[in-house]
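Note sheet for the following structure.
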Amino acid sequence: MAKREKVMRMSVEQPLWRALTAYRVLTMLYAIGLFVAAHEKLDRPWLAVAYYAVLAPWTLATLPRVANAASCTRRFLFADLTVALVGILLTPLADSQQRITDGSPTLPSIWTAGSVLAFAIKGGWRWAASASLLVGVANVVQRGAFSRDTLHNVLLVCIASIAIGYVVELARASERTLARALEIEAATRERERLARDIHDSVLQVLAMVQRRGTAIGGEAAELGRLAGEQEVALRALVAGGMLPASRVSEDIAQGAVVRAVEVPDEEPDDAAPRDLRPLLAAHAGSKVTLSEPGAPVLLAPGTARELAAAVGAALDNVRRHAGAEARAWILVEDEPDEVIVTVRDDGPGIPAGRLVEAEGEGRLGVALSIRGRLRDIGGTAELISVPGQGTEVELKVPRERARDTRGKAGKAR
């Protein structure tokens, strides 16, 4: 099974929702504890008991509402803030004016900040600022005057909630940007894979039809001309085709994460390592000499296939550019830490700058069919060419890929 990248759902602010859930429970217990410690000093303690009889069940019953952004609706947010505001405004009725003047806490105490933070996480800093303003007005009404302590408490809640709301907005924007970038990268890799397949099959056939048709002449020449036009058009499409637009995330927070998903291959990843030699033997012939070790050269099945395909692409380049009479040699070296396959020919070599020019023309045999394949399997491809002395392509694949595959096969047994 091949590993492909796919954008999955995930919200970056989810840890904030979990923290808010714990905060609400702890601050509810704290507010009740403050009341228990000072209930004898209140003028109407029964009024505070009635409020806490509502606050405690409300806090526990609404924990699922603050578990994620989808559950935390606007209606709930306003209802929750109403519970906090009512508790603030009931404080002068339950407590004495002297204690309020001395700075005694309101009935909900710091539980009120949880309501404001829910606005911040759900809607950003603007929602947080609006909720903080309402809490500030309620505190001024409860105190009966605008004191330094009231200003301090209101500013603390306001600044903290606005900061958290702003961070959440930045995180969501970053996630959307990351999701688009990752999808573009995945689409680019998929396009390169398709381009390799097209280059190895369709483009080669069109080029052959063009050459043979021109050589035969007559009606075949017209067929060759049409094939040549289609080859040029297809090369242009492969080299600069449009990337699909990033899909909109289905997550309610518009977040995204990339996970590796299993995509069926011709053979599963946990299959036994495959011998590279039979795959390369198919390329041997009167013009191609294969030199290989006497023992099997074991690689992961997908790695072996891609490496053999890269060798095939290198030999295609020899036939196309070095001429039908050119000879090629394939050398396989099975080193302890890597497998090296070298393809060498006795052709005229590649002029300096020709590869860059070919990529600009849409001829991506080296860029995609060789280097692209090796990059995808964790290897490298190096091309050495001296005009008049032939070309040498050295393909290297780390031995760890074969070891990993053997380890998986052992675990499966």
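The length gained by stretching the chain between T188 and Q97 to full extension, at 0.36 nm per residue less their Cα-Cα distance, is 25.8 nm.
Over the range 11-97, consider all pairs of different Cα atoms and compute the Kirkwood hydrodynamic radius from their mean reciprocal separation; express it in Å, one decimal.
On the way: mean 1/r = 0.0710 Å⁻¹.
Computed over Cα pairs of the range 11-97, the Kirkwood hydrodynamic radius comes out at 14.1 Å.
Label positions at E382 and A37, each projected 7 Å from the Cα along the C-beta direction, are separated by 7.2 nm. What FRET efficiency would be calculated for the residue pair A163, Q389, taking the C-beta separation as r and a Förster radius of 60 Å, to the nearest 0.05? The calculated FRET efficiency here is 0.35.
Stretching A61 away from A281 to a fully extended chain increases their span by 72.1 nm, per 0.36 nm per residue minus the current alpha-carbon distance.
Summed over the residues of the range 1-123 and divided among them, the accessible surface reaches 49 Å² per residue at a probe radius of 1.4 Å.
Between V140 and S104, what's the calculated FRET efficiency when r is the beta-carbon distance and R0 is 22 Å? Round to 0.05. For R0 = 22 Å, the calculated efficiency reads 0.85. Split the accessible area of the range 12-178 by element, probe 1.4 Å, and carbon with sulfur accounts for 70%. When only C-alpha pairs under 8 Å and at least 6 residues apart count, what is the relative contact order of the range 12-178, in percent? In percent, rounded to a whole number, it is 27.
Shown here: the range 12-178, whose C-alpha atoms stretch 57, 33, 23 Å along the first, second and third principal axes, sorted largest to smallest.
The values are calculated or read from the model by the stated rules, or taken from the named source; none is laboratory data. Since the structure is predicted, the reported quantities are computational estimates derived from the model, not experimental observations. Because the Cβ atoms are built from the backbone with ideal geometry, glycine has one as well, and the counts that use them run over all protein chains shown. These accessible areas exclude ligands, DNA and RNA; they are computed on the full protein's heavy atoms, side chains included. Shrake-Rupley method; radii C 1.70, N 1.55, O 1.52, S 1.80 Å.
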